[in-house]
Structures are given as C-alpha cells and as structure tokens.
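Heads up, the thing below is written out as structure tokens.
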Amino acid sequence: MLQPPKLALKGRNILVGISGGIAAYKIPQLVRLLKASGANVRVITTEMALRFVTAETLSVVSENPVLTPFFDPEAKTWNNHVDLGLWADAMLIAPCGANTLSKLVNGQCDNLLLTAFLSARCPVWIAPAMDLDMFQNPAVQQNLKAFQNNGGHTIEPEEGPLASGLVGKGRMAEPETLAAVLIDHFCPSDSPWVGKTVLVTAGPTHEAIDPVRFIGNRSSGLMGIELAEHLARCGAQVHLVLGPTHLQASSWVETHRVESALDMLEACQHLQASCDMIIMAAAVADYRPETASKQKIKKSEASLELQLIPNPDILSQLSHQRSKDQCIVGFALETENAEAYGQAKLHKKKLDAIVINQAGPETGFGHSTNKVILLHANGQRMESPLMNKSQLAPLLIDTLAEWFYA
Ligand code: CTP
C-alpha cells in the first residue's frame, strides 16, 4: 500500500497572503507544494507584492483568481474579505515584511490582506522576511512578540545572504519549510492515529430481489470515504468496507467491496479483531427479501408481494463482540428529532460515540455537504456547521482523537 502523507492537506483551505518583499518570488513554489498536498489555495497580495511576483503566475498555480484590491475594477465587484477569512482553515502570510507585521499587530486594515487577516477565525502563520538590521530592530522584535501574544504563529526566518548583500538572519524560510509547517499542523508527525487500525464502513447495501433487481437506498458513501481517507492521511491503517457505489477510495485505504448487509457483516466480523476503532457510516438496509429469486421475476397483471425479513444490526453485533479497548462509533440518519433519536441509538447499541445527521436539503445522503452532531457516551458534544464532507471528516476525526486518544 502507498503511504499517505502526499495528500496531507486534502480538503484544507489555505489562504496565502503575500506582502511586498523580494521573497515573494518564491511563493508560486509554495503554492504548488500546497496544491500537490491536496489543499485548496486562495492568494491575496498587497499592491507592493505584485512588484515581485505576478498575479498571473499565482493564479495559474493556485487555480484561483488572485485578489489584491478591495474592489475588482473590471467586474465592479467587492472582494469579500469576510468570506475569505471564514473560508480559510489556515492563513499564511509570506513573506511578511516589517510594515505588514506592524499593521497586523495594530489591527490596521488598509488593504485586503489585512482585512482578511482580521476576519480570519483560523490559525495564522507569518513568515517574516526582511533585512538583517530591520529584523533585529527592537520595534520589529516587539511586534513579533505582540503577534505571538495575540495568538499568531511565526515561522522563523533563516540565516544566509540577504538581498542587500548583507549576510545574517532575515531570509524567509524556504517554501518547503513553510509547506511542512502547515502539513505538520494538520497531520502532525506525532499523530495519535499512527499505529492505530480503523475499520470504516460506507455506502448503501443492496438486497437482492432477483438477479437484476435490489432494494437499496440513496447513500453514496461519500462521508465514510472522506473519513477513511483522512484517517489514512493521519497515519492510521484503514480498512474500508464499502457497499455498492460508483465512488472509490484512494489506494492507501484498503477497500473491501461488499453488496448486501450480510456480506458487510461478514467482512466486518472478519476484520474486527485487528481494529482499534470501528466507524460505522454505512447505510445498511434494515430489511431484505426473505428469498432472492434465482431467475428474473417476470411481469404479470397480478400485484407482487415481497416478504421482507430484518437484517442483522451489524453495529449492535460488533459492539456486542468488541474487545476491551475497542472503540465503536455509529452514525444515525434521522428526519425528525435527530438528537433524541441519535442519543437513544448511542445507548441502545452501546456505542462510544455517535454522529447524528439530519436528512435535509443540504445534508445527509447524496449531498456534498453535511451538518452533524457528534455525541460521546459520556455526554460530550460537538456540533458542526454546514460544511463540505471533505472538511467535516477532519473535524470529526480530530474530535474523536481528542476524546479517545489524547
Ligand atoms: N446499522 C447497522 N446495521 C443495520 C442498520 C443500521 O449496522 N442493519 C448501523 C448504521 O451503520 C449506523 C447505525 O446503525 O451506524 C444507525 O443506523 P440508522 O439507519 O440511523 O438506524 P437504525 O438502527 O437502522 O434504526 P432506524 O432505521 O429505525 O432509525
């Protein structure tokens, strides 16, 4: 199996701010590295930055328009810094010159980059870059301390030849170092998932009526696949038991394809003993036809009756057979009273945690977005906003890690 860290930033939204400084010419390389790690990248520059790097280059490598002024003079539209600030999972200002640093610390907002910074709810890093004496100046050093006291992170500049001809500390850290800091933030090398084996189920099950027909449901399997992928990126060994869907996981997730609930039960029972955690995201059919006709059922004038019998509850069985330290996480899909019904399932099936979805116009089966409540058996609770499933997966996995492996 391939090892994951390649796509360590998949689904992460990274906002790159570029201020004026010669090191700006290195930022296209940084953007390429972030993109290669799977991140979505948006770039904001100051006017001065565009003296050192072109917006065209940045937009090609980021695959997004580059934003500089508050207003787009051609489209006559406003560049919305609030949306950008909320969109970002991380913001990196590189290079960050002395002037921008000072404004960041003082809450000034006379350009788009600064307003986006003030609107950002995510962690923010700066990569200072300036000349030797500027960097050592007490005013700059005080601003760096103030930035950190305000909750910001600094990626230290490196020592070496500077644009002025002087040699010393002040060179922006190299793009590889900057990308590594973000990767380590999202997928830390000391990730609690390293050494853990996790079984994730996903997708619907198909219950055969005859060789060409089945009973199924609208699940695409996307949420479970995103969870499996993210766990693998965080260093877990992942088994994905996947019902019939056109979607597939990447090769670092070991996928076991199944059709029916009985197949899924068998695959899960086979894998259960080797797993530290089981996340049951599959939409298992509750009933199956008592007998599946061996031949295609022919049409007739008479009505057709199918006798349905209950499928085993896979989650309950796995929970019943679990080993002492095995952690079991269920899902619940509800159309009403979601939290109350979800909580009842958490207790009835003796789970450690449950992810509660409410089927709605933008949530649940067949949507790329979702909004969930995660409940711990001990009463802890996390409620997500409406978000893309690719972003929700890291949030769920991070919360489970905090609850069970901190
Ligand atoms: N589940 C299961 N086996 C089944 C049915 C459900 O393992 N035969 C699991 C699902 O994968 C999910 C959890 O049980 O993790 C809850 O599934 P859900 O469909 O929400 O609830 P049910 O238990 O089927 O109850 P109901 O359909 O009445 O809401």
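The values are calculated or read from the model by the stated rules, or taken from the named source; none is laboratory data. The shown structure was predicted, so the numbers you read here are calculated from the model rather than taken from an experiment. Glycine also receives a Cβ, built like all others from the backbone with ideal geometry; neighbour counts cover every protein chain displayed. Calculation scope for accessible area: heavy atoms of the full protein, side chains included, ligands and nucleic acids excluded. Shrake-Rupley method; radii C 1.70, N 1.55, O 1.52, S 1.80 Å.
Details
- Within segment 90-123, tally of residues that are buried (at least 22 other Cβ atoms within 10 Å of the Cβ) and among the β-branched types (Val, Ile, Thr): 2
- Selection of segment 251-273 for residues being away from the ligand (no atom under 13 Å from the Cβ) and farther than 18 Å from residue 330 by Cα yields 251, 252, 253, 254, 255, 256, 257, 259, 270.
- Considered as a group, the residues in segment 140-158 that are part of a loop (DSSP other than H, G, I, E, B) and farther than 19 Å from residue 117 by Cα include one that is least open to solvent (accessible area, probe 1.4 Å), and that residue is 157.
- Whichever residue in segment 317-342 is in a helix (DSSP H, G or I) and either open to solvent by 80 Å² or more (accessible area, probe 1.4 Å) or not assigned by TED's automatic domain parsing to the domain that holds residue 227 (or both) and, among such residues, is nearest to the ligand (Cβ to nearest atom): 341
- On the stretch given as segment 159-204, residues that are part of a loop (DSSP other than H, G, I, E, B) and either open to solvent by less than 20 Å² (accessible area, probe 1.4 Å) or under 17 Å from residue 127 (Cβ atoms) (or both) total 9.
- Residue 90 hydrophobic (A, V, I, L, M, F, W, C) and touching a Cys at 6+ places or on another chain (Cβ under 6 Å): yes
- Across segment 295-328, the number of residues qualifying as touching a residue at least 40 places away in the same chain (Cβ under 8 Å), under 30 Å from residue 403 (Cα atoms) and in contact with a strand residue (DSSP E or B) (Cβ under 8 Å, 6 or more places away or on another chain) comes to 6.
Every residue, every condition in (1) in a strand (DSSP E or B); (2) within 14 Å of the ligand (Cβ to nearest atom), yes or no:
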site	(1), (2)
347	no, yes
350	no, yes
354	yes, yes
360	no, no
365	no, yes
379	no, no
382	yes, no
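- Filter pass, residue 316 being within 24 Å of residue 193 (Cα to Cα) and among the hydroxyl-bearing types (Ser, Thr, Tyr): no
- Boolean, residue 235 is away from the ligand (no atom under 13 Å from the Cβ), free of Cβ contacts under 8 Å to residues at least 60 places away in the same chain and on the phi > 0 side of the Ramachandran plot: no
- Within segment 294-316, restricting attention to residues that are polar (S, T, N, Q) and either surrounded by fewer than 15 Cβ atoms within 10 Å (Cβ to Cβ) or not in a loop (DSSP other than H, G, I, E, B) (or both), the residue that is farthest from the ligand (Cβ to nearest atom) is 300.
- Of the residues making up segment 264-290, those that are touching a residue at least 12 places away in the same chain (Cβ under 8 Å), farther than 20 Å from residue 355 by Cα and open to solvent by 60 Å² or more (accessible area, probe 1.4 Å) are 269, 273, 274, 287, 290.
- Filter result for residue 212 (among the β-branched types (Val, Ile, Thr) and surrounded by fewer than 24 Cβ atoms within 10 Å (Cβ to Cβ)): yes
- Qualifying residue in segment 181-191 (condition: of a type in the set (Phe, Trp, Tyr), within 30 Å of residue 271 (Cβ to Cβ) and in contact with a helix residue (DSSP H, G or I) (Cβ under 8 Å, 6 or more places away or on another chain)): yes
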